[in-house]
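In what follows, a single structure is set out as structure tokens and then discussed.
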Amino acid sequence: MILMALDHVRDYFGAPGNPTDPARASAALFFTRWVTHVCAPVFFLLTGTGAYLARRRRSLPDLSRFLISRGIWLVALELTLFRCFAYQFNVDYRVTMLVILWALGWSMIALGALVHLPIAAIAATGIAMIVGHNAFDGIRAASLGRLAPLWTVLHGQGVVIGPPHLVFVAYPLVPWIGVTAAGYALGRIFDWTPDRRRRWLFRAGVALAAAFVVLRAANVYGDPSPWRAQATSVRTLLSFLNATKYPPSLLFLLMTLGPALVLLAWLDRGTPKVFAPVLTFGRVPLFYFLLHLPLIHLAAVVVCSLRYGSAHWMFESPTLARYPFTTPPGWGYSLPFVYAMWAALVVALYPLCRWFAEVKQRRRTWWLSYL
């Protein structure tokens, strides 16, 4: 959750340009973006794992209903208040971007149906989606006629509704549903003894990371954008690590989930005291998510007003190229400034998240589970 905020602060305060372009981006900018790649895959994986663990206190039909209803809630948030207001500070629906809440919601809806299958079948479904979806990279939505929007939603990335009210799918569903299903199957290992579980997590994480290196070096399958030799060895390394996120390729998921499993094995022994405050954010992830973007955007409005005497650009996003706001002339700050704003944001959110975590602990009202 904290790393995710770094990426969004960079979106609003960083200099314009592609931070993962291995030929142009600085190594510092590239890794500022690259390190946040772990966020989305872990969100989806642990959503599935959390659903499995919820079986300890919910019946299977109840779990299915909860996943479906919560998924519908997340999709509704994406399509209404959150996506337009929080990201763009307008509600003109000139541009609607379907991003993580959209995909997470549909993944939960799909998992709500899949939980009725045996664990082995759910695991096989998830792995097949993750490993196999790149085999269809050659199919272009435009070649499918009336089915083009459906293909874009499931596998591609692009516009599904055109101007004047444009809808762009940034998070195609199939691979993300696969990660969520795999995460549900992963929950089974939390029924094992701690030592056995930690060994498995560590070995699986190392194996996934090694598979990334081998498959990426081969440049044969697993990512639609092969790596290429660059002008320097450092830039060649950046190209090697620049796996495709939209939609997440097999190699992108190996690259991110491998280290994540190793980290999970380490944290399974208990949260180090220095990281204890981080648990506060983890207890209220959606509450944190819904607050952090408006706060970042509001900070950008304040900085823009102080710098230019006006902030109208921060409310204007009439085209896809100007999403989520129109860049003011000369806008963009150095990475130290971005990191400082990120730290200030996290500190500002901590007391709010702590308060809400305490509310959730004291009260068991049903609607609090949706925040």
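The values are calculated or read from the model by the stated rules, or taken from the named source; none is laboratory data. Quick caveat: nothing in here was measured; it's all calculated off a predicted structure. Note that each Cβ is placed from the backbone with ideal geometry, even for glycine, and that neighbours are counted across all protein chains shown.
Structure summary
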item	result
Residues being outside any helix (DSSP H, G or I), in contact with a Lys or Arg (Cβ under 9 Å, 6 or more places away or on another chain) and at pLDDT below 95 - total across segment 62-117	5
Selected residue (only one of Thr32, Thr47, Thr36 is within 30 Å of Val338 (Cα to Cα), without any contact (Cβ under 8 Å) to a residue 40 or more places away in the chain and in contact with a helix residue (DSSP H, G or I) (Cβ under 7 Å, 6 or more places away or on another chain))	Thr36
Residue list for segment 296-354, restricted to those being of a type in the set (Val, Ile, Thr), assigned to a helix (DSSP H, G or I) and either exposed (fewer than 14 other Cβ atoms within 10 Å of the Cβ) or within 26 Å of the chain's Cα centre (by Cα) (or both)	Ile296, Val301, Val302, Val338, Val346, Val347
Residues within segment 118-147 that are assigned to a helix (DSSP H, G or I), of a type in the set (Val, Ile, Thr) and surrounded by fewer than 19 Cβ atoms within 10 Å (Cβ to Cβ), tallied	3
Which numbered condition Phe136 misses (of (1) within 24 Å of Phe252 (Cβ to Cβ); (2) in contact (Cβ under 8 Å) with a residue 24 or more places away in the chain)	(2)
Filter result for the condition that a residue is more than 17 Å from the chain's Cα centre (by Cα), in a helix (DSSP H, G or I) and basic (Lys, Arg), over Arg55, Arg33	Arg55
